[in-house]
Every structure is written in C-alpha cells, then in structure tokens.
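Trainee: Following this message is one structure expressed as structure tokens.
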Amino acid sequence: MKLYNVKKNSTTISYAGVLEKVEIMRSTLRWAPKLERADIQKLLNQCNTLRDEVMQLSHKERFVKASTTTVSAKSKSEAERRQALIERSFVYDGVFGENPKLLEALEIAERAAPTDLPVLIDGESGTGKELMAKVIHANGSRADKVYVSVNCGAIPDNLLESELFGHKKGAFTGATGDRKGKFESANGGTIFLDEIGELPLQSQVKLLRVLQSNEIQRVGSDDLIQVDARVVAATNRNLRQLSQQGAFREDLFYRLDVIHVTVPPLRERKDEIPLLYEYFLVEAAERLNRAPLKMSVALRNFLAKYDYPGNIRELSNIIYRLSCLADDTAGLEHLPTELRPAGAVTSKKQAADTVIASGTLSDMKKEASDSAEKQFLEHGLQEVGGKVAELARRIEMNRSHLQTLLKKHGISSKDYRTKTSDKS
Ligand SMILES: Nc1ncnc2c1ncn2[C@@H]1O[C@H](COP(=O)(O)OP(=O)(O)OP(=O)(O)O)[C@@H](O)[C@H]1O
Ligand SMILES: [Mg+2]
C-alpha cells in the first residue's frame with residue numbers, strides 16, 4: 001500500500017554521503033605511507049570524533065520529518081497514535097496495541113517504508129523482526145514486487161556468496177550451470193538479510209560493494225550486473241558493538257544502519273500480551289480446526305506476568321500447545337512443567353498424576369520429548385564447547401531456532417564454554 005508520495009529524503013541521503021566520506025578518509029589515512037604511526041593515530045581519533053558528531057547530528061535530522069508528524073503525535077495519546085496508523089491503512093500482518101515503544105517502532109517503519117533507504121532492524125529472538133521487515137516491504141512502493149528473504153546464519157560460509165550473488169557454470173565443484181543469486185531474484189523488490197551479524201567478513205566486503213554501486217558479480221564471473229533491490233537487514237546482536245570490536249565491518253554497519261528500527265522485547269510491552277494471546281487463540285483454533293480455547297483466570301494472570309525469554313514466538317507456542325492439549329478450558333496444569341508456577345503442581349509425581357487424571361497421554365509424551373530434547377541440547381553443547389553456531393551446523397538446525405530452544409529449556413551456552421572456544 002502506498003501511503004505517501006515520498007521521494008528520496010535528501011537529508012538522510014546527505015547524512016549517508018557524509019558518513020561515507022568519513023569512512024573513505026579513515027581508510028585512506030590508515031594506509032597513508034608517509035605519516036608516522038602517531039600521526040595516523042591522531043588523525044584517526046579526530047575522524048572518530050567527527051563520525052560520532054555526525055551520528056548525533058544525523059540522528060536528530062533523521063527524525064525531523066518523523067517528529068513533525070509525531071510532534072502532533074507527542075501531544076496525541078497512544079490510543080490516538082494507534083488509531084491514526086489504522087486510518088492511514090498501515091499494513092501489519094499481526095496485532096498491535098498502544099504500547100509506546102512498539103508504536104514508535106511502527107511509526108519509524110511506516111516512514112521508512114516508501115523510501116529506498118536501507119533499514120536495520122534489531123531486537124531479541126522472537127520479537128517480530130521478520131514481521132517488521134515484511135511490514136516495511138508491504139507499506140512501500142515495492143509492495144507488489146518480489147520480497148526475498150535470506151537467512152545469513154543458516155547458509156554454510158562457502159555457499160553464501162553463491163547464494164547471494166549467484167555463480168557461473170564451473171565456478172566451483174558442483175556449479176554445473178549458471179545460477180542467479182538472491183540479489184538478482186530480488187531485483188525491483190526487497191531483499192531481507194536476516195541474521196546479518198552472522199555474515200562472514202569476506203562476504204561483508206562484497207555486500208558493501210553492492211550497497212555502494214548497486215552492482216553484483218556472480219561467483220566466477222567478471223561481468224557486473226546491475227541490481228535494484230531495497231535492503232532490509234535484521235540482527236539479534238549488537239552490530240555497533242560488533243563493528244567496534246572488529247567482528248563486523250564498520251563501513252558496512254553504517255551503510256546498513258541508515259534507518260534503525262528496534263523491536264522491543266515482549267517483557268517491555270506486557271500490556272500487549274492479552275491482545276496477542278487472543279490473536280493466537282483464534283489463529284490456533286483455525287489451524288487446529290477447533291473452537292477457540294477458553295483459559296482460566298489463573299492461567300491468564302500467569303500469561304500476563306510471565307517474562308517470555310523467547311518473546312512472541314514463545315507466547316505463540318504456548319497458546320498452540322494449550323489449544324492442542326486442553327479440551328474446552330485450559331488451566332495452569334496445561335502449561336509445560338518448567339513454566340508451571342510453584343504451587344500449581346508441586347511434585348513430578350503430582351504432575352504425572354495431574355496428567356493422568358486429565359487423561360492426556362499426549363501430554364506425558366510431550367513431557368518426555370521435552371526432556372529428551374533438553375538432554376540432547378545439553379549433550380551437544382558439551383561436545384562443541386558451548387559454540388551455538390557450531391552445534392547449529394552439526395545438527396543442521398537454523399541458529400535462531402536453536403537459540404529459542406536453548407532459551408525454552410533455560411540452557412545457557414556460556415556454561416558449556418571451554419577455554420579455547422572464543423565465539424558462541
Ligand atoms: N505483533 C504481532 N502480532 C502477531 N504475531 C506476531 C507479532 N509479532 C510477532 N509475531 C509472530 O511471532 C513469531 C516470531 O516473529 P518473527 O519471526 O518475526 O521474529 P524474529 O524477531 O524474526 O525472530 P528470530 O530472531 O528468532 O528470527 C512469528 O510467528 C510472527 O508472526
Ligand atoms: Mg527472524
């Protein structure tokens with residue numbers, strides 16, 4: 001849906017341009033042959049200060065436009081802001097209430113959507129980053145064009161470049177024909193680069209080139225191909241910090257982080273919980289072909305207060321589980337054992353009794369399978385010295401899914417780290 005007729009925002013473009021110049025200056029200085037080391041260091045420090053000033057300035061500039069709507073928005077109540085989004089036909093494939101943090105994220109996404117500027121979305125696992133990326137696509141001028149999603153954390157390093165940029169026949173063993181990459185497939189539309197923090201440094205250089213020149217080169221080919229893909233990236237890591245530590249290219253970080261959207265964790269928007277569980281109760285009922293489940297008051301109270309380390313995905317999983325296991329009305333006893341508040345069920349035996357009393361063999365099977373899953377993960381982490389990425393690779397599981405499972409079982413990978421493991 002096209003909401004505004006916004007062309008490129010010149011303020012933001014000049015901001016990106018200035019930053020780029022600073023970056024070029026820094027890399028030139030880094031390699032200036034005739035300067036003494038101390039001079040280089042001094043100049044680099046000056047550049048760093050300059051860059052920080054620009055960042056602060058640009059932050060103000062970036063939001064000048066948004067705040068002209070939100071100045072009135074500031075004087076508006078959250079209910080009015082929410083209503084205003086709905087009236088502007090804001091496309092959102094989920095529900096949202098009146099939480100100020102979420103409203104702010106949605107308003108930024110709405111303003112960013114019709115532009116072609118890169119957007120970097122961050123937030124914990126399961127908060128709705130991918131949903132936000134789709135929102136940006138769906139509310140922009142490319143809504144009727146293709147949306148291509150790539151999970152940078154799930155593709156082995158040696159295949160990543162071919163996946164993103166394509167390859168030429170014979171470029172490597174197994175390259176039996178020419179192949180288009182995701183960037184080419186996303187031409188005219190949006191490319192969503194999920195888990196961008198997992199992109200190896202070598203591929204980061206290539207991505208930077210695409211962002212600078214809108215050109216790609218298939219692996220094994222010298223030909224340059226023009227691509228026009230709007231880039232939206234997401235991460236659950238602190239990319240700024242990673243770039244300061246040298247684990248992520250700083251110039252790429254600034255290229256991607258033109259518009260920044262932070263999706264707040266569910267524990268910081270608990271007021272949205274009832275709305276969300278009602279949404280999932282209806283969704284689960286449709287999927288499971290049953291009447292929407294009712295929930296006891298105790299269960300509703302528990303759900304409203306729980307912290308959800310796995311965020312919205314965890315809440316959704318709980319509701320699907322309840323909708324599957326309970327008959328007409330669910331109570332605390334239908335929660336997974338590890339979530340059940342003390343007092344609801346006091347011992348394992350009682351838990352088993354409760355399950356047997358309510359006649360749900362599937363519940364017992366689920367508990368056994370949960371326990372096996374937990375043991376499997378603990379054992380796996382032990383074997384790889386706490387390296388989550390390595391475990392994900394070995395068991396061929398998406399890394400963020402693995403992180404969610406670890407959270408679900410309350411397992412901390414740090415507890416399994418050996419001295420030689422440097423990265424989780
Ligand atoms: N406001 C919402 N309303 C309804 N469903 C939502 C909302 N936000 C998120 N969801 C759902 O929660 C689940 C998790 O969202 P999503 O996959 O976008 O999270 P994520 O941040 O990308 O997670 P990860 O970091 O694990 O990849 C999805 O099924 C999504 O549809
Ligand atoms: Mg995701």
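Trainee: Which of the residues spanning segment 110-123 are surrounded by 21 or more Cβ atoms within 10 Å (Cβ to Cβ) and within 11 Å of ligand 2 (Cβ to nearest atom)?
Mentor: I121
Yes/no per residue for (1) within 14 Å of ligand 1 (Cβ to nearest atom); (2) in contact (Cβ under 8 Å) with a residue 60 or more places away in the chain:
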residue	(1), (2)
R218	no, no
D223	no, no
L242	no, no
T262	yes, yes
L276	yes, yes
E283	yes, no
A326	no, no
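Trainee: I'd like the full set of residues that are in contact (Cβ under 8 Å) with a residue 24 or more places away in the chain and among the charged types (D, E, K, R), limited to segment 285-307.
Mentor: Passing the criteria: R287, R290, K294, R300, K305, D307.
Trainee: Something else about it: Take V150 and tell me if it is within 16 Å of ligand 2 (Cβ to nearest atom), free of Cβ contacts under 8 Å to residues at least 60 places away in the same chain and farther than 18 Å from V261 by Cα. Even if it seems obvious, please write down each step before you answer.
Mentor: On the way: within 16 Å of ligand 2 (Cβ to nearest atom): yes; free of Cβ contacts under 8 Å to residues at least 60 places away in the same chain: yes; farther than 18 Å from V261 by Cα: yes.
For V150, the condition - within 16 Å of ligand 2 (Cβ to nearest atom), free of Cβ contacts under 8 Å to residues at least 60 places away in the same chain and farther than 18 Å from V261 by Cα - is met.
Trainee: What residue, among those in segment 208-242 that are closer than 12 Å to E198 by Cα and part of a helix (DSSP H, G or I), is farthest from the chain's Cα centre (by Cα)? Don't jump to the end; show me each part of the working.
Mentor: We begin by selecting, within segment 208-242, every residue closer than 12 Å to E198 by Cα; these are 233-239, 242.
Then drop every residue that is not part of a helix (DSSP H, G or I), which leaves 239, 242.
Values: L239: 12, L242: 16 Å.
Taking the candidates together, the pick is L242.
We did not get these values from a lab; they are worked out from the coordinates using the rules stated. Source: prediction; values computed, not measured. Here Cβ is always computed from backbone atoms with ideal geometry, including for glycine, and neighbour counts include all displayed protein chains.
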